[in-house]
Each structure stands twice: as structure tokens, then as C-alpha cells.
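Working notes, beginning with the structure itself.
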Amino acid sequence: MIVDVHTHTPTHREPVPTGARRSYSHWRTDRAVTTTNSWADFAAATAKADVVIVFNIAVADPERMTGLPYAAERANDATAEFVAADPAARIGFFSVNPLEAGAFTEAERCRELGLAGVKLAPNYQDFDPLADRALAFYAYCERHALPILFHQGASPIRHAPLRYTHPLVADEIALRFPALRMVLAHMGHPWATETVVTIRKHPHVYADVSSIYLRPWVCYQSLLAAVEWGCTAKLLLGSDFPIAGTGEAMAGLRGVNEILAGTALPRVPERAIEEIIHADALGALGLTASRP
Ligand SMILES: [Zn+2]
């Protein structure tokens with residue numbers, strides 16, 4: 001089974017009206033990324049996945065931080081509605097700002113909606129991931145077996161603090177909450193080595209490979225670091241839709257050794273690449289999907 005652990009909820013149930021379309025050139029260097037997209041766009045882009053994990057990010061000012069057009073208060077309902085349309089193939093995560101009043105009330109409501117994990121992006125949400133209230137929220141997630149997928153590493157958004165996204169912060173969290181299941185997105189790019197040494201030591205901390213294949217040298221270095229530190233089994237497939245699709249993510253990983261032509265540099269073993277693509281992500285995160 002192929003699980004894409006990192007996709008963003010499409011913004012529109014129906015085709016996107018011309019006036020509502022948004023495209024940005026800062027998400028990848030080879031083409032613009034359209035951040036407005038329909039349910040059908042999502043289905044086409046993730047067709048190679050049997051199951052997707054899908055979420056929004058609850059940000060106070062989406063236009064400023066993520067270029068998304070919806071209101072933050074709709075973030076979790078939009079995800080729940082999208083998951084309900086195909087619950088066998090979609091697992092929804094909710095998002096809250098743990099520092100805001102009402103975060104726990106919203107978390108309870110989202111669990112009742114069937115959302116099974118949490119997406120946090122302290123940089124886009126502008127909260128200190130080691131603040132007392134954030135730690136209290138992780139305790140809640142640990143207690144209720146809610147995995148957290150953290151945005152980790154680089155972002156082109158000027159207002160989003162990079163210091164909130166460093167994998168060594170995730171190590172601090174994992175030290176305090178040993179049973180909390182966490183995914184560090186993008187292998188924390190460009191801090192992949194720091195991510196690898198973090199996921200290696202914590203049994204319940206994983207990383208996803210979303211977007212790393214957009215930069216061939218970063219991708220090669222990141223995967224080779226995981227090979228050399230013996231933790232490719234802790235890597236999960238992700239596309240970061242709408243930045244890429246699942247098939248593109250798989251092809252990008254399988255092409256990682258192409259840049260080695262004419263060199264004596266070590267290859268990333270094909271076996272390791274297939275292990276990532278076919279990883280038991282749901283088992284790792286304690287999730288179940290109704291799809292057989
Ligand atoms: Zn993402």
C-alpha cells in the first residue's frame with residue numbers, strides 16, 4: 001500500500017473560479033505552484049496513493065503566510081468535509097494554534113469530526129514550539145494517541161521564523177514526550193542530517209521526504225545520510241500537494257541517483273527507495289484506514 005502522508009486540503013469543492021486562482025513562484029524553482037485547487041485536482045495529483053493524510057494549517061493570516069485563500073476558522077471543517085467524501089482513502093489531520101485560547105476545545109471538536117492527527121507549523125502559525133502551552137498540547141496529543149506532523153525546515157515566507165522549524169527543537173519535544181508520534185516534514189530541509197540524527201534515536205519520530213526531490217543535490221545528500229545512519233525505515237512518502245503530486249514524488253525519489261553519472265559517489269540503494277515508497281506509514285503513526 002502506498003501512503004502519501006503529506007497533502008494539503010484542496011481549497012475548492014468545485015472547479016476553481018478564474019477570479020479565485022492564486023499561483024506563486026516561490027515554492028519551487030522550475031514552475032509556479034497553484035495554491036487554489038479543486039477536489040478533482042487533488043484526486044488527479046494523488047492518484048498513485050492508496051491512502052493520503054490530508055490537512056490544512058490553522059494560520060491567523062493565510063494570505064500573508066501561506067498564500068491560501070480560505071479563512072483559518074474553516075481550516076478543519078474543510079478537511080473534515082473532504083475526508084468524509086472518501087473516508088477509505090483519506091485520513092484527516094486538524095490544526096490549531098496551541099497558544100490560543102480555545103485550542104483544546106477545537107481539538108475535542110475535531111476528534112469528534114473523526115480527524116485523527118494534528119498538523120502544526122510553528123513558523124507559519126508564529127508560535128514558539130517549546131512554549132508551555134505548546135508543551136501542554138503535545139501532552140494532550142500523546143495522551144490521545146494523536147500523531148503530529150510538524151512543518152520542518154526551510155520556507156520562502158519572510159515572516160515565518162526559521163528557528164521554530166529546526167529538527168533539534170523536535171528532539172527537545174521528543175525527549176519530553178517519548179510516546180508521542182511525530183513526523184518531521186521535508187526531512188527538515190536543509191537540515192537533513194540533524195533530522196536523521198533525531199529520528200534515529202527516538203522510536204516514534206519519523207520524517208517525510210516531501211519536496212526534497214525538487215533539489216537533486218539536497219535529495220541525494222538527505223537520503224544518503226539516512227542510509228549511512230541506518231534509518232531509512234523511519235522515512236515516509238509525501239508529496240506536499242499542491243507543491244507536487246504523489247507520482248511526481250515517487251519518480252523524484254527513484255531518480256535520486258541520476259546526478260551520479262560519471263562519478264564514484266555511493267548510490268542510494270534502490271531497496272531503500274522502495275522501502276520509503278511502500279513504508280507502513282499508518283502502522284508507524286498508529287492510524288487505520290478503512291481501505292483494505
Ligand atoms: Zn506542506
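Quick notes on this structure:
- The stretch 21-46, residues that are in contact with a Gly (Cβ under 7 Å, 6 or more places away or on another chain) and either among the hydrophobic types (A, V, I, L, M, F, W, C) or at pLDDT 75 or above (or both): Arg22, Thr35, Ala45, Thr46
Residue by residue, here is whether (1) in contact (Cβ under 8 Å) with a residue 12 or more places away in the chain; (2) surrounded by fewer than 24 Cβ atoms within 10 Å (Cβ to Cβ); (3) at positive phi holds:
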site	(1), (2), (3)
His144	yes, yes, no
Gln152	yes, no, no
Pro161	yes, yes, no
Tyr164	yes, yes, no
Glu172	yes, yes, no
Phe177	yes, yes, no
Met182	yes, no, no
Met187	yes, no, yes
Trp191	yes, yes, no
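- Taken as a whole, the stretch 116-124 holds at least one residue that is within 16 Å of the ligand (Cβ to nearest atom), of a type in the set (D, E, K, R) and outside any helix (DSSP H, G or I).
- Restricting the stretch 19-37 to residues that are away from the ligand (no atom under 15 Å from the Cβ) and not basic (Lys, Arg), the residue that is surrounded by the most Cβ atoms within 10 Å (Cβ to Cβ): Thr36
- Pairs where the first residue, in the stretch 16-35, is within 11 Å of Ala244 (Cα to Cα) and the second is assigned to a helix (DSSP H, G or I), C-beta under 6 Å, 6+ apart: Arg28/Leu214
- Residue check for Val196: of a type outside the set (Ser, Thr, Tyr), away from the ligand (no atom under 16 Å from the Cβ), more than 20 Å from Val3 (Cα to Cα) and crowded, with 23+ Cβ neighbours inside 10 Å: yes
- Whichever residue in the stretch 181-193 is away from the ligand (no atom under 16 Å from the Cβ) and in a helix (DSSP H, G or I) and, among such residues, is farthest from the chain's Cα centre (by Cα): Thr193
- Residue check, Val16 among the β-branched types (Val, Ile, Thr), surrounded by 21 or more Cβ atoms within 10 Å (Cβ to Cβ) and either within 15 Å of the ligand (Cβ to nearest atom) or outside any strand (DSSP E or B) (or both): no
- Test: residue in the stretch 198-208 that is without any contact (Cβ under 8 Å) to a residue 40 or more places away in the chain and either in contact with a Cys (Cβ under 8 Å, 6 or more places away or on another chain) or closer than 30 Å to Asn37 by Cα (or both): yes
- Number of positions in the stretch 67-95 that are at pLDDT below 95, outside any helix (DSSP H, G or I), in contact with a helix residue (DSSP H, G or I) (Cβ under 8 Å, 6 or more places away or on another chain) and surrounded by 13 or more Cβ atoms within 10 Å (Cβ to Cβ): 3
- Residues of the stretch 223-258 that turn out to be of a type in the set (S, T, N, Q) and more than 16 Å from the ligand (Cβ to nearest atom), as a count: 2
- The stretch 215-242 - residue that is among the aliphatic types (A, V, I, L, M) and outside any helix (DSSP H, G or I) and, of those, surrounded by the fewest Cβ atoms within 10 Å (Cβ to Cβ): Leu237
- Condition met for Arg64 (within 16 Å of the ligand (Cβ to nearest atom), out of contact with any Lys or Arg (no Cβ under 8 Å at 6 or more places or on another chain), under 23 Å from Ala154 (Cα atoms) and open to solvent by 10 Å² or more (accessible area, probe 1.4 Å)): no
- Out of Ile212, Ile148, one residue alone is open to solvent by less than 10 Å² (accessible area, probe 1.4 Å), under 28 Å from Arg111 (Cα atoms) and either away from the ligand (no atom under 15 Å from the Cβ) or not polar (S, T, N, Q) (or both). It is Ile148.
The values are calculated or read from the model by the stated rules, or taken from the named source; none is laboratory data. In this text the structure is predicted, and so the values were computed from the model without any measurement. Glycine also receives a Cβ, built like all others from the backbone with ideal geometry; neighbour counts cover every protein chain displayed. Note: accessible area is taken over every heavy atom of the protein model, side chains too, but ligands, DNA and RNA are not part of it. Shrake-Rupley method; radii C 1.70, N 1.55, O 1.52, S 1.80 Å.
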